[in-house]
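The values are calculated or read from the model by the stated rules, or taken from the named source; none is laboratory data. Model, not experiment: these values are computed from the prediction. Please note: Cβ atoms are built from the backbone with ideal geometry, for glycine as well, and neighbour counts cover all protein chains shown.
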Amino acid sequence: MSALNEHDMARSRTAFAPGANGSLIVTSSVLAVRGRKLTIALAAKHGLPTAYYGRHFVDAGGLISYGPNWLDEYRRAAGYVDRILKGEKPADLPVRARPSTS
(Lines give C-alpha, C1' and ligand atoms only; values in the text may rest on other atoms or scores of the structure.)
Protein backbone atom coordinates (compact mmCIF):
# COMPACT_ATOMS: atom_id res chain seq x y z
CA MET A 1 0.00 0.00 0.00
CA SER A 2 1.44 3.36 -0.95
CA ALA A 3 1.29 6.42 1.26
CA LEU A 4 -1.44 8.94 0.56
CA ASN A 5 -0.40 12.17 -1.09
CA GLU A 6 -2.07 15.53 -0.54
CA HIS A 7 -4.40 15.06 -3.52
CA ASP A 8 -5.67 11.73 -2.12
CA MET A 9 -6.07 13.24 1.33
CA ALA A 10 -8.01 16.21 -0.05
CA ARG A 11 -10.28 13.94 -2.10
CA SER A 12 -11.06 11.69 0.87
CA ARG A 13 -11.87 14.60 3.19
CA THR A 14 -13.94 16.44 0.57
CA ALA A 15 -16.04 13.29 0.08
CA PHE A 16 -17.57 13.83 3.54
CA ALA A 17 -18.67 17.41 2.85
CA PRO A 18 -21.85 17.01 0.73
CA GLY A 19 -23.93 15.29 3.43
CA ALA A 20 -26.42 17.47 5.27
CA ASN A 21 -25.58 16.01 8.66
CA GLY A 22 -21.95 15.11 8.04
CA SER A 23 -19.14 15.45 10.50
CA LEU A 24 -15.65 14.08 10.89
CA ILE A 25 -13.73 12.59 13.79
CA VAL A 26 -9.95 12.54 13.39
CA THR A 27 -8.20 9.85 15.42
CA SER A 28 -4.53 9.52 16.25
CA SER A 29 -2.25 8.48 13.39
CA VAL A 30 0.82 9.61 11.51
CA LEU A 31 -1.38 10.49 8.53
CA ALA A 32 -3.62 12.64 10.71
CA VAL A 33 -0.65 14.63 11.95
CA ARG A 34 0.94 14.85 8.52
CA GLY A 35 -2.27 16.11 6.93
CA ARG A 36 -3.32 18.30 9.87
CA LYS A 37 -3.26 21.65 8.05
CA LEU A 38 -5.03 20.25 4.99
CA THR A 39 -7.75 18.56 7.07
CA ILE A 40 -8.38 21.74 9.09
CA ALA A 41 -8.53 23.89 5.94
CA LEU A 42 -10.92 21.53 4.12
CA ALA A 43 -13.18 21.16 7.16
CA ALA A 44 -13.44 24.95 7.40
CA LYS A 45 -13.96 25.37 3.65
CA HIS A 46 -16.83 22.87 3.57
CA GLY A 47 -18.35 23.79 6.95
CA LEU A 48 -17.69 20.25 8.17
CA PRO A 49 -17.75 20.01 11.98
CA THR A 50 -14.63 18.10 12.95
CA ALA A 51 -13.48 16.76 16.32
CA TYR A 52 -9.79 15.97 16.76
CA TYR A 53 -7.97 13.74 19.21
CA GLY A 54 -5.48 16.37 20.37
CA ARG A 55 -5.35 20.01 21.33
CA HIS A 56 -2.59 20.72 18.80
CA PHE A 57 -5.25 20.50 16.07
CA VAL A 58 -7.31 23.19 17.79
CA ASP A 59 -4.21 25.33 18.26
CA ALA A 60 -3.72 25.04 14.47
CA GLY A 61 -7.30 26.23 13.79
CA GLY A 62 -9.48 23.13 14.25
CA LEU A 63 -12.92 23.27 15.84
CA ILE A 64 -12.69 21.03 18.92
CA SER A 65 -10.61 18.30 20.49
CA TYR A 66 -11.45 15.60 22.99
CA GLY A 67 -8.68 13.74 24.72
CA PRO A 68 -6.34 13.68 27.67
CA ASN A 69 -4.23 16.60 28.78
CA TRP A 70 -0.86 14.90 28.36
CA LEU A 71 1.06 17.62 30.22
CA ASP A 72 -1.16 17.07 33.27
CA GLU A 73 -0.72 13.29 32.98
CA TYR A 74 3.08 13.64 32.95
CA ARG A 75 2.96 15.95 35.97
CA ARG A 76 0.87 13.42 37.87
CA ALA A 77 3.26 10.62 36.93
CA ALA A 78 6.22 12.69 38.13
CA GLY A 79 4.47 13.16 41.47
CA TYR A 80 4.12 9.40 41.87
CA VAL A 81 7.77 8.83 40.92
CA ASP A 82 8.82 11.45 43.48
CA ARG A 83 6.82 9.75 46.23
CA ILE A 84 8.24 6.32 45.35
CA LEU A 85 11.81 7.63 45.30
CA LYS A 86 11.20 9.14 48.74
CA GLY A 87 10.36 5.68 50.06
CA GLU A 88 6.61 5.21 49.72
CA LYS A 89 5.50 1.79 48.56
CA PRO A 90 3.77 1.84 45.18
CA ALA A 91 1.02 -0.44 46.52
CA ASP A 92 0.21 2.17 49.18
CA LEU A 93 -0.23 5.05 46.74
CA PRO A 94 -3.82 6.03 45.95
CA VAL A 95 -5.31 5.53 42.52
CA ARG A 96 -6.66 8.90 41.52
CA ALA A 97 -9.48 9.54 39.15
CA ARG A 98 -9.23 12.52 36.88
CA PRO A 99 -10.87 15.60 38.31
CA SER A 100 -14.29 16.39 36.91
CA THR A 101 -14.36 19.19 34.36
CA SER A 102 -18.02 19.97 34.83
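Only residues that are within 13 Å of residue 51 (Cβ to Cβ), at pLDDT 85 or above, surrounded by fewer than 14 Cβ atoms within 10 Å (Cβ to Cβ) and not β-branched (Val, Ile, Thr): list them for segment 15-40, please.
28
I need every pair where a residue in segment 63-75 that is free of Cβ contacts under 8 Å to residues at least 60 places away in the same chain and among the β-branched types (Val, Ile, Thr) has its Cβ under 9 Å from the Cβ of a residue that is surrounded by 10 or more Cβ atoms within 10 Å (Cβ to Cβ) and assigned to a loop (DSSP other than H, G, I, E, B), sequence separation at least 6 or different chains.
So the pair list comes out as 64/49.
Hey, does segment 71-92 have a residue that's touching a Leu at 6+ places or on another chain (Cβ under 9 Å), of a type in the set (D, E, K, R) and more than 23 Å from residue 21 (Cα to Cα)?
yes
Among 78, 10, 43, which is in a helix (DSSP H, G or I), surrounded by 11 or more Cβ atoms within 10 Å (Cβ to Cβ) and either touching a strand residue (DSSP E or B) at 6+ places or on another chain (Cβ under 8 Å) or modelled with pLDDT of 90 or more (or both)?
Only one candidate qualifies: 43.
Being touching a helix residue (DSSP H, G or I) at 6+ places or on another chain (Cβ under 6 Å) and either on the phi > 0 side of the Ramachandran plot or among the acidic types (Asp, Glu) (or both) is the filter here, so list the residues in segment 25-84 that pass it.
Passing the criteria: only 61.
Identify all residues within segment 46-70 that are charged (D, E, K, R) and either part of a loop (DSSP other than H, G, I, E, B) or surrounded by 17 or more Cβ atoms within 10 Å (Cβ to Cβ) (or both); write none if there are none.
55 - this is the single residue of segment 46-70 that is charged (D, E, K, R) and either part of a loop (DSSP other than H, G, I, E, B) or surrounded by 17 or more Cβ atoms within 10 Å (Cβ to Cβ) (or both).
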